[in-house]
Structures are given as structure tokens and as C-alpha cells.
Amino acid sequence: MRTSHSVAVALGAGIQLAAAAPVCGGGSTSDTLWVTTYPIGEGSGELITLKLEGSTLENVAQSETCGPYPSWLTQADDVLYCVNEAWGGDHGDLAALQINDDLSFTKLSGGETIGGPVSTVVYGNGGRGLAVADYGAGGIDTFNIEDPKAITLIKSLKYPIPEDATENPQDIARPHEAILDPTGDFLVFPDLGADLLRVLKVDKETLEYTETESHVLTRGTGPRHGAFFTSGDSTFFYVVCELANLLQGFSVTYAEDGLTFTQIYSANTHGEADALPEAVAAAEIFLAPNSNFLTLSSRYENALEYTVANGTVVPSDPLITFSIDATSGELTHVQTAPAGGANPRHFSFNSDGSRVASALQADGRVVIFERDTATGKIGNVVAEVDVAGMPNFVSFKQ
Ligand SMILES: *[C@@H]1O[C@H](CO)[C@@H](O)[C@H](O)[C@H]1NC(C)=O
């Protein structure tokens, strides 16, 4: 194991050094990871399998099985659902890929989405439904995945595009993530373009849905990704807003016909009051497994440093961790740690939360860190690997 000598160099107070003390890892954890990449230039993005052995992380398989612009993966049993964002096209693609014993993939079936898919989530009884957030086209698709060999489109919902819409992402609806609420009755889509939390009530049996009232955010916030947290009878929802670089928290109440979001927390993505520089763009947020720790990623800050395996020090964006007060839902900043380089579009925890893997889109690197499940702090580097193209997603095999 290597120590990352990570130093905060800017962005003022509130930034802490990465934990220097050794962190206990272990527990049940997969040493196989899935990665997708966007291409650089004319090439094709890849679906990549990484294998961790000791402190060596290696690319053991790579293919274009999922199309040229893979952007998100959802694993369900031994099937990986991969979306192709299909930049510049008039639709997107969803592929159901069998994970073979040798970790190669066989495409079982596929379907078309309305365009620019960036996130998927399984829903419905028996995990028979898959919902897709189509950022590019501004809509949502649902698929029946009961038979992965024959997935079928249930419904495509495209929000109206104003005639005077420009390239400005906020001119149309931009659902950026598909999230299932803890009861499985509602799908929530942060909509970066419309500044809404869109909510669909699902029929778990038929996989059909009805649109319910959206929660309206301040114009210009750009909600991107979110995470639920439950404690006793309380449900909280946290959303990172890419455009305003805000982290907002809500207490959620349930009614037969929808969800009510009552704001309980709002700060910048570092947990402070000040606005962050305009170039900064918050990206991902997850609740660590079986915990009350939230971690988010922020891009285009380059305010931290990370020492790559060959000893070179490179600028790094942060992974920022907060603890959630289980009673009030209030957040407390815990740590600002280097993500391992520039543009951490995505990261994932392993199943027991003892590790976090980060995809550095601008650096072509994937880094695995130790994580202390008791303190929520990200610690030493376990391993890193360079991958071709721009890694935009990483997750541990289930
Ligand atoms: C070390 O790694 C960095 C980042 O990947 C790279 O830019 C640099 O060329 C490498 N240096 C050497 C000497 O290999």
C-alpha cells in the first residue's frame, strides 16, 4: 500500500488533509470493477473490466459492446445494463449484457432510448423495470427487463422543447439521474435544465407510472444527482446542483399522490455559504453503504494535489464527505479529500463501504482509496490505473 501525500493548497478554510493514518479495510469487497469511458476525439468509448490484485489494478478486458459513448452501468444479478449516450445522435441505446464467468460480456438484447441517456435504475417488483434518465433529449424511458434476453420499451416520455431553445442546457428539460426512493413507490429525477425534482409514482406490479407534482428549485441551480437517507420514520433527500454548486437537503413526506420536499439544508458543495467560482461543476453524490455519511464530487476546482504512482504531483478535484444528523437531517462537513486527479464525474463505494473508487474523466485514471467506515473518511490509495479515453463511471462488481 502506498501513501498519498495529499495537500490542500487553495480554496480557503474547511479543507482538511487526507487522513494520514492507516485505515482499516477488508471485509466483503469485490476486486472486480466496471468502468465506462467517453472517447477522446473520433474513437470509441469502452466498457472496461478492472481487476485489483494487492496494490495492482489492471485493465483485464475492454470492448465496445455498449456503443461508442457508454455513460452509466447498472448491475442486476449477472446482467449489466449499459446505456450509450450516443452523442449527436437522434436516440440513445440500452444494452443488456450477460456477465460471463471469464468476465467477458455477451449482449443479450437491447433497446432504444429517446436520446442522451446518462443514468439508469432498477424498479418494480422483482426488479423487472429499468428507468432511464435521458439528459440529451430531455425525457425518461422505462423498460421491462424481466427477460434480459428480450428487454422491451414500456414508455418514452419527452418533455416539450420550446421553439426558441438554444444550446443552453437550461432551455429544455435535462433529467440527469434516475433514483428510486426507499419505498420503491417513486422514481425521482433531478432535472438540471428545468430546475425540478421530477417525481413519478410507479405501479410496482405493472411497471407503469403516473407523473406527480415536481418539486421546484430556484431557477439556475441545475440539480444533477441525489441520494435518499432514511432514519426511523424519517426520510431525507439530498441533491447536488451542478450549476449553482449547491448541496441541498430536504425532509420528505409521503402522500398517496406524491412526495413533498421541505428544505432543511442548503450550502455550497464544501458546506460553506460562499458561492464557488462559476467554472466549478458539482457532479456525483452517494450515501455510503449502511451509514449516515454522504460523499459528493466536485469538478474543475483543481485546488488539491494528488501524487500519482510514478511520483508526479498532479492537481486534484475533491471528494467531499458530510455526516447526516439522523434526527434533523442536518449535514456536518467531515472531510475534503483528493479524488485522485481532475474531473471526478463519478465514484462508487464497494459493498461494505471500506473502499471508494473514483473515475477521473480528465486524467484517464481510476483510483481506489481505502475508507474508514467508522469516521467516513477517505484514506490511503489502494491502487490506481490509467485507462484510455475519459472514464466517466466506475463501480464495484456486485
Ligand atoms: C507520471 O504520470 C503522469 C500522470 O499520469 C504523467 O503525465 C507523466 O508523464 C508520468 N511521468 C513519467 C516520468 O512517466
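Just so you know, in the range 332-350 the residues that are within 15 Å of the chain's Cα centre (by Cα) and assigned to a loop (DSSP other than H, G, I, E, B) include one that is surrounded by the most Cβ atoms within 10 Å (Cβ to Cβ), and it is A339. The single condition among (1) outside any strand (DSSP E or B); (2) out of contact with any helix residue (DSSP H, G or I) (no Cβ under 9 Å at 6 or more places or on another chain); (3) open to solvent by less than 50 Å² (accessible area, probe 1.4 Å); (4) not hydroxyl-bearing (S, T, Y) that P182 does not meet is (3).
Results for (1) open to solvent by less than 40 Å² (accessible area, probe 1.4 Å); (2) modelled with pLDDT under 95; (3) closer than 21 Å to L192 by Cβ, shown as yes or no for each residue.
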{"residue": "H91", "(1), (2), (3)": "no, no, yes"}
{"residue": "D102", "(1), (2), (3)": "no, yes, no"}
{"residue": "L108", "(1), (2), (3)": "no, no, no"}
{"residue": "G111", "(1), (2), (3)": "yes, no, no"}
{"residue": "G115", "(1), (2), (3)": "yes, no, yes"}
{"residue": "T120", "(1), (2), (3)": "yes, no, yes"}
{"residue": "G126", "(1), (2), (3)": "no, no, no"}
{"residue": "G138", "(1), (2), (3)": "yes, no, yes"}
{"residue": "F143", "(1), (2), (3)": "yes, no, no"}
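Do the conditions hold for T373, that is, is it crowded, with 20+ Cβ neighbours inside 10 Å and not in a strand (DSSP E or B)? Here the answer is yes, as T373 does meet what is asked. The residue that is farthest from D386 (Cα to Cα), counting only those in the range 28-60 that are of a type in the set (S, T, N, Q) and open to solvent by 10 Å² or more (accessible area, probe 1.4 Å), is S28. Checked against (1) in contact (Cβ under 8 Å) with a residue 60 or more places away in the chain; (2) crowded, with 16+ Cβ neighbours inside 10 Å, G232 passes all but condition (2). Within the range 376-398, the residues that satisfy the criterion of being among the small types (G, A, S) and either under 18 Å from the mean Cα position of the chain (by Cα) or surrounded by 19 or more Cβ atoms within 10 Å (Cβ to Cβ) (or both) are G376, G379, A383, G389, S395.
Within the range 286-308, track down each residue that is within 16 Å of the ligand (Cβ to nearest atom) and either at positive phi or of a type outside the set (S, T, N, Q) (or both).
Passing the criteria: N302, L304, E305, Y306, V308.
Against the list (1) away from the ligand (no atom under 16 Å from the Cβ); (2) touching a Phe, Trp or Tyr at 6+ places or on another chain (Cβ under 8 Å), the condition V381 fails is (1).
Restricting the search to strands (runs of 3 or more DSSP E) fully inside the range 189-239 and requiring at least 3 residues that are hydroxyl-bearing (S, T, Y) gives 209-216. From the list N350, N392, the one residue that fits, being out of contact with any helix residue (DSSP H, G or I) (no Cβ under 8 Å at 6 or more places or on another chain), within 18 Å of T56 (Cβ to Cβ), touching a residue at least 40 places away in the same chain (Cβ under 8 Å) and away from the ligand (no atom under 16 Å from the Cβ), is N350. Contact annotation: residue pairs with Cβ atoms under 6 Å, 6 or more positions apart or on different chains, pairing a residue in the range 370-381 that is more than 19 Å from S351 (Cβ to Cβ) with a partner that is open to solvent by less than 40 Å² (accessible area, probe 1.4 Å) and modelled with pLDDT under 95, are V381/S4.
Scanning the range 309-331 for residues that are within 17 Å of the chain's Cα centre (by Cα), within 16 Å of the ligand (Cβ to nearest atom), touching a residue at least 12 places away in the same chain (Cβ under 8 Å) and farther than 24 Å from T32 by Cα turns up at least one hit.
The requirement of being in contact (Cβ under 8 Å) with a residue 40 or more places away in the chain, among the small types (G, A, S), in a loop (DSSP other than H, G, I, E, B) and within 16 Å of the ligand (Cβ to nearest atom) is not satisfied by A359.
A Cβ distance below 6 Å, combined with a sequence gap of six or more or placement on separate chains, defines the contacts here; from the range 173-193, residues that are within 10 Å of G226 (Cβ to Cβ) and touching a residue at least 40 places away in the same chain (Cβ under 8 Å) reach residues that are in a strand (DSSP E or B) and among the polar types (S, T, N, Q) in the pairs E177/S119. Please state which one of G232, G184 is touching a Gly at 6+ places or on another chain (Cβ under 9 Å) and more than 20 Å from H333 (Cα to Cα). Among G232, G184, only G184 is touching a Gly at 6+ places or on another chain (Cβ under 9 Å) and more than 20 Å from H333 (Cα to Cα).
Consider the range 266-308. How many of its residues are open to solvent by less than 30 Å² (accessible area, probe 1.4 Å), over 15 Å from the mean Cα position of the chain (by Cα), closer than 30 Å to D181 by Cα and aliphatic (A, V, I, L, M)? Result for the range 266-308: 3.
Residue count for the range 237-264, restricted to those that are open to solvent by 10 Å² or more (accessible area, probe 1.4 Å), among the hydrophobic types (A, V, I, L, M, F, W, C) and closer than 15 Å to T332 by Cα: 2. Among the conditions (1) touching a Gly at 6+ places or on another chain (Cβ under 8 Å); (2) β-branched (V, I, T); (3) within 23 Å of E46 (Cα to Cα); (4) surrounded by fewer than 17 Cβ atoms within 10 Å (Cβ to Cβ), T152 misses just one, which is (3).
The values are calculated or read from the model by the stated rules, or taken from the named source; none is laboratory data. None of these values were measured; they are calculated from a predicted model. All Cβ positions, even for glycine, are placed from backbone atoms using ideal geometry, and neighbour counts span all protein chains on display. For accessibility, only protein heavy atoms count, side chains too; no ligands or nucleic acids. Shrake-Rupley method; radii C 1.70, N 1.55, O 1.52, S 1.80 Å.
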